[in-house]
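These notes are about the structure you will find just below.
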Amino acid sequence: MAKRPDRTKIGDLDASRLICGLWQVADLEKNGATLDADAAAGALGAYAEAGFDTFDMADHYGSAELIAGRLLARYREAEKRPLAFTKWCPPPGPMTRDIVRRGVQERLDRLGVDRIDLLQLHWWSFEHPAWLDALHELKALKQEGLVKAIGVTNFDAAHLALALADGADIVSNQISFSLIDRRAAGPLSELCRRTGVRLLAYGTLGGGFLSEAWLDKPQPESPADWSRAKYKRFIDAAGGWPALQTILAAAQKIGRKHGVSIANVATRWVLDHTAVAAIIIGARITEREHRADNLAVFDFALDGDDRALLEEAFRASKAIPGDCGDEYRQPPYLTASGDLSHHLGEAPRTYQAEPAPSRPGRLRVSSGSQWEPVAGYSRAVRVKDRIFVSGTTATHGADRVVAPGDAGAQTTYILDKIAASLAALGGAIEDVVRTRIYLRDIGQWDSVSRAHGRVFANVLPANTLVQAGALVGDYEVEIEAEAIAPDETGKTPEEASPNPLVAGLAPPAIS
Ligand SMILES: NC(=O)c1ccc[n+]([C@@H]2O[C@H](COP(=O)([O-])OP(=O)(O)OC[C@H]3O[C@@H](n4cnc5c(N)ncnc54)[C@H](OP(=O)(O)O)[C@@H]3O)[C@@H](O)[C@H]2O)c1
């Protein structure tokens, strides 16, 4: 039998270690003409026959789900069919049972199946906490039999840890991982080692830049296809074209030694990370396929010298800052459009500012906790350029405690809530000048400090950490913050005119 890709377990799914990625369908269709579904399904069929029988798509990958559905229909009577992994990327907003069910049902309808093999959630802004609701609703739909396994995509280690500590049922996280973008080898791999979550790596070929085709070639000014446009941004962030060329030269040397291509070396290096279940390689179906070359990744192994040579080449590049998925949530957006305009009109606000009743010009936000009106306080208040954020706990919605018993995960949740409160009042994490942490069990100081450091390492506010004998409610940690947030002119909201935040807000009636 002809050689076929190695296989791996993702939850209970028996998947190919080389997954066929279909974002490229959206690129092929970007001028409005959709691919012929039967011809495209035929092209996918050739992948499946050759053992590349696991496909990755998403709600926004053009007609990819419909094409895959056309292929799956051909296997209706078969004992085993190709696997269809897809993503649901809803705009941040309430995630009720109905909304999540509709998102899943649309995927089922487009794929023409009774059950989705792997449904992966993407979330645009962790400041909006409904992503946890989405994961819990997906778990309920899995128990109902509509989904075989739940994954996430572009989650950083902190939020994946938070999701797991809150009881989410997650088997995989799909992230960018390559010789250029090595973030996934950090805290995320360590978390996967501890929890068994598997990584699905994309961008491993940098949209094709990690191949002989670009060795010793001048850099393209503005790549025409979305995938290369995206990874050109990654290359620029990683030290630019000379850094890529140094890595390509090392990979070529290693490839020559083993009689394989640069793409094979790039793929092998990622596959060798124990957290990585599989690589997703983008396919411009109907245009080109690289199956024969990509199969060679299973014919050789990198040795210590090869790895050392790559490590040496990495020194010519810069580490992509932050953790996995940051490119979707904060500048510099290393996405195809360089911002979120392909996907979202604008990032929605989690909380809305409103006038504080006591003084004209003073603003407040509520986070919806049942205690705010009862006890008479705000989540945060803005007075001139100062923002005061109340002691904040990991309370989800009106009264649910998130991630019980896990102070580190609760801290991640709390800091998102603080960031959302600041944003509603025209401030940002960068404006924070003081935080105070109250910790119930001092034994958890390390995880709390690390979660605080992840957010504040470049802000460095004054900080106090206190062990509290007890906190009100079943919480491990409570955090308050103060920020000084002048607008871009240096004026306070009251002085600036017009101020977009205050504009439209009627001053409170004073009698
Ligand atoms: N979750 C997310 O946010 C996310 C984001 C991006 C991608 N993805 C997934 O990951 C998939 C991978 O796509 P990607 O955009 O990251 O691109 P990629 O896999 O890094 O690059 C794909 C391109 O590499 C070239 N290529 C493939 N095999 C080759 C070989 N052996 N030698 C030389 N060149 C080769 C092909 O270019 P040519 O056809 O031009 O030769 C192909 O279009 C997507 O389709 C999607 O499923 C997910």
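The values are calculated or read from the model by the stated rules, or taken from the named source; none is laboratory data. Everything numeric here is computed off the predicted structure, so don't read it as measured data. Ideal geometry is used to build each Cβ from the backbone, glycine not excepted, and the neighbour counts take in all protein chains shown.
Mind telling me which of the residues Tyr47, Tyr75 ends up being among the aromatic types (Phe, Trp, Tyr) and free of Cβ contacts under 8 Å to residues at least 24 places away in the same chain?
Only one candidate passes the filter, namely Tyr75.
Taking the stretch 164-177, which residues are more than 16 Å from the ligand (Cβ to nearest atom), in contact with a strand residue (DSSP E or B) (Cβ under 9 Å, 6 or more places away or on another chain) and closer than 19 Å to Ile10 by Cβ?
Residues satisfying the conditions are Ala168, Asp169.
Looking for whichever is away from the ligand (no atom under 11 Å from the Cβ), touching a helix residue (DSSP H, G or I) at 6+ places or on another chain (Cβ under 7 Å) and either in the same structural domain as Phe155 (by TED's automatic domain parsing) or without any contact (Cβ under 8 Å) to a residue 24 or more places away in the chain (or both) here; the options are Leu244, Leu248, Leu188. Which one fits?
That would be Leu188, the only listed residue that is away from the ligand (no atom under 11 Å from the Cβ), touching a helix residue (DSSP H, G or I) at 6+ places or on another chain (Cβ under 7 Å) and either in the same structural domain as Phe155 (by TED's automatic domain parsing) or without any contact (Cβ under 8 Å) to a residue 24 or more places away in the chain (or both).
Go through the stretch 251-277 and give me each residue that's farther than 30 Å from Ile10 by Cα and either away from the ligand (no atom under 16 Å from the Cβ) or not in a helix (DSSP H, G or I) (or both).
Scanning the stretch 251-277 gives Lys253, Lys257, Gly259.
Can you spot a residue in the stretch 333-346 that is surrounded by fewer than 18 Cβ atoms within 10 Å (Cβ to Cβ), away from the ligand (no atom under 16 Å from the Cβ) and of a type in the set (A, V, I, L, M, F, W, C)?
no
Of everything in the stretch 19-52 that's of a type in the set (Phe, Trp, Tyr) and assigned to a helix (DSSP H, G or I), which residue is farthest from the ligand (Cβ to nearest atom)?
Filtering first and then ranking leaves Tyr47.
What's the number of the condition Ser222 fails, among (1) modelled with pLDDT of 95 or more; (2) away from the ligand (no atom under 15 Å from the Cβ); (3) of a type outside the set (A, V, I, L, M, F, W, C)?
(1)
Scan the stretch 442-449 and tell me whether some residue there is surrounded by 18 or more Cβ atoms within 10 Å (Cβ to Cβ) and at pLDDT below 95.
Yes, some residue in the stretch 442-449 is surrounded by 18 or more Cβ atoms within 10 Å (Cβ to Cβ) and at pLDDT below 95.
Let's see how each residue does on (1) in contact with a strand residue (DSSP E or B) (Cβ under 6 Å, 6 or more places away or on another chain); (2) modelled with pLDDT of 95 or more; (3) surrounded by fewer than 19 Cβ atoms within 10 Å (Cβ to Cβ):
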| site | (1), (2), (3) |
| --- | --- |
| Phe388 | yes, yes, yes |
| Thr412 | no, yes, no |
| Ile437 | yes, yes, no |
| Arg454 | no, yes, yes |
| Asp474 | yes, no, yes |
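Of the conditions (1) at negative phi; (2) outside the structural domain of Glu29 (by TED's automatic domain parsing); (3) assigned to a loop (DSSP other than H, G, I, E, B), Glu289 clears all except one; give me its number.
(2)
Output yes when any residue across the stretch 263-281 is basic (Lys, Arg), out of contact with any Leu (no Cβ under 6 Å at 6 or more places or on another chain) and under 24 Å from Tyr47 (Cα atoms), and no when none is.
no
Which of the residues belonging to the stretch 120-133 are among the aliphatic types (A, V, I, L, M) and within 16 Å of the ligand (Cβ to nearest atom)?
Correct list: Leu121 only.
Can you find a residue in the stretch 307-320 that is among the aliphatic types (A, V, I, L, M), within 20 Å of the chain's Cα centre (by Cα) and within 15 Å of the ligand (Cβ to nearest atom)?
Yes, because at least one residue in the stretch 307-320 is among the aliphatic types (A, V, I, L, M), within 20 Å of the chain's Cα centre (by Cα) and within 15 Å of the ligand (Cβ to nearest atom).
(1) of a type outside the set (Asp, Glu); (2) more than 16 Å from the ligand (Cβ to nearest atom); (3) in contact with a Lys or Arg (Cβ under 6 Å, 6 or more places away or on another chain); (4) within 23 Å of Phe155 (Cα to Cα): which one isn't true of Ala58, the others all being true?
Tallying (1) of a type outside the set (Asp, Glu); (2) more than 16 Å from the ligand (Cβ to nearest atom); (3) in contact with a Lys or Arg (Cβ under 6 Å, 6 or more places away or on another chain); (4) within 23 Å of Phe155 (Cα to Cα), Ala58 fails exactly one: (2).
Which condition number does Asn173 fail, the rest of (1) within 24 Å of Asp399 (Cβ to Cβ); (2) in a strand (DSSP E or B) being met?
(1)
Taking the stretch 188-234 on its own, how many of its residues are buried (at least 21 other Cβ atoms within 10 Å of the Cβ), among the charged types (D, E, K, R) and farther than 23 Å from Val25 by Cβ?
1
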